[in-house]
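The block underneath contains the structure these notes are about, expressed in structure tokens.
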């Protein structure tokens, strides 16, 4: 049976300790904290004492660390000779934080494939970096989120097949399949095999199919069930009530101040999830 969490992108005005109490209040099973130098509850430089303080807070409230939202090293061109060594070291640091916290996994981005020599070479080199990081932390998993400007879901499937490692999978974000105009039937056909965590959010797409400079569809975040993302299809594809991973509400108020506060959005999401599960 799935467990339900939210990311702290939905609680930007609260620190990690307050987010854990909010999870308890609304009946979530877990929280996905953020490891980021931009409004993160933890940063790559956080001490073990800082991490353990949050672990004690999770334990005292009976709430779990569902995963860590990590953002990787930015601003390094993929053709830099130090790209992969820096990338791997960053993964290992994030895995260390997750291991101390007692988190089952870290969430990573794949980086921008388009600037590399070829998609196949990028995925192969990415696989080597992930293998090195996982070997160093045998108690941890890595999930890769499909995301605009990075891996598509089907790119992630190629990487997952290459690695063939039970401790690697995809954090499936169906909204980005829409934005990146992937073939959603192809995605849903293989989602169950490769999905470790399911991120749910909703977007109201531009009615005229407007796209940006990267040919991604344009839209705005909206309360679940009120937009164009058919989350029930994604949930069904990964197993519905039998999905054993985390189902995570991705409410990005941290980037969009106009969105509803968590005390409105969180109970709405929980009711919405009950409806689509049934």
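The values are calculated or read from the model by the stated rules, or taken from the named source; none is laboratory data. Remember, it's a predicted structure, so these values are computed and weren't measured experimentally. Methodologically, a virtual Cβ is constructed for each residue, glycine included, from the backbone with ideal geometry; neighbour enumeration extends over all protein chains shown.
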*Which number in (1) touching a helix residue (DSSP H, G or I) at 6+ places or on another chain (Cβ under 6 Å); (2) surrounded by fewer than 16 Cβ atoms within 10 Å (Cβ to Cβ) marks the one condition that residue 146 misses?*
(2)
*asked:* Return the residues of the range 97-122 that are over 19 Å from residue 246 (Cα atoms) and assigned to a loop (DSSP other than H, G, I, E, B); say none if nothing qualifies.
replied: 110, 111, 112, 116, 117, 118
*Of all residues in the range 123-158, which are within 11 Å of residue 172 (Cα to Cα) and part of a strand (DSSP E or B)?*
143, 144, 145
*Enumeration of residues in the range 133-151 that are touching a strand residue (DSSP E or B) at 6+ places or on another chain (Cβ under 7 Å) and within 17 Å of residue 116 (Cβ to Cβ)*: 144, 147, 151
*asked:* Test of understanding: among 273, 188, 198, which residue is in contact (Cβ under 8 Å) with a residue 24 or more places away in the chain, in contact with a helix residue (DSSP H, G or I) (Cβ under 7 Å, 6 or more places away or on another chain) and in a helix (DSSP H, G or I)?
replied: 188
*Inspect the range 64-86 for any residue being in a helix (DSSP H, G or I), touching a helix residue (DSSP H, G or I) at 6+ places or on another chain (Cβ under 6 Å) and closer than 27 Å to residue 214 by Cβ and give the result as yes or no.*
yes
*Checklist (1) in contact (Cβ under 8 Å) with a residue 24 or more places away in the chain; (2) surrounded by fewer than 16 Cβ atoms within 10 Å (Cβ to Cβ); (3) in a helix (DSSP H, G or I) applied to residue 94, failing item*: (2)
*Quick one: which residue in 63, 51 is surrounded by 13 or more Cβ atoms within 10 Å (Cβ to Cβ) and within 22 Å of residue 253 (Cβ to Cβ)?*
63
*Residue pairs meeting the criteria (Cβ under 6 Å; at least 6 apart or on separate chains; first part of a helix (DSSP H, G or I), in the range 226-243; second modelled with pLDDT of 95 or more and buried (at least 20 other Cβ atoms within 10 Å of the Cβ))*: 231/200; 234/174; 237/191
*What are the pairs, 6+ residues apart or on separate chains, where a residue within the range 103-122 that is more than 13 Å from residue 90 (Cβ to Cβ) has its Cβ under 7 Å from a residue that is buried (at least 18 other Cβ atoms within 10 Å of the Cβ) and modelled with pLDDT under 90?*
119/113; 122/113; 122/116
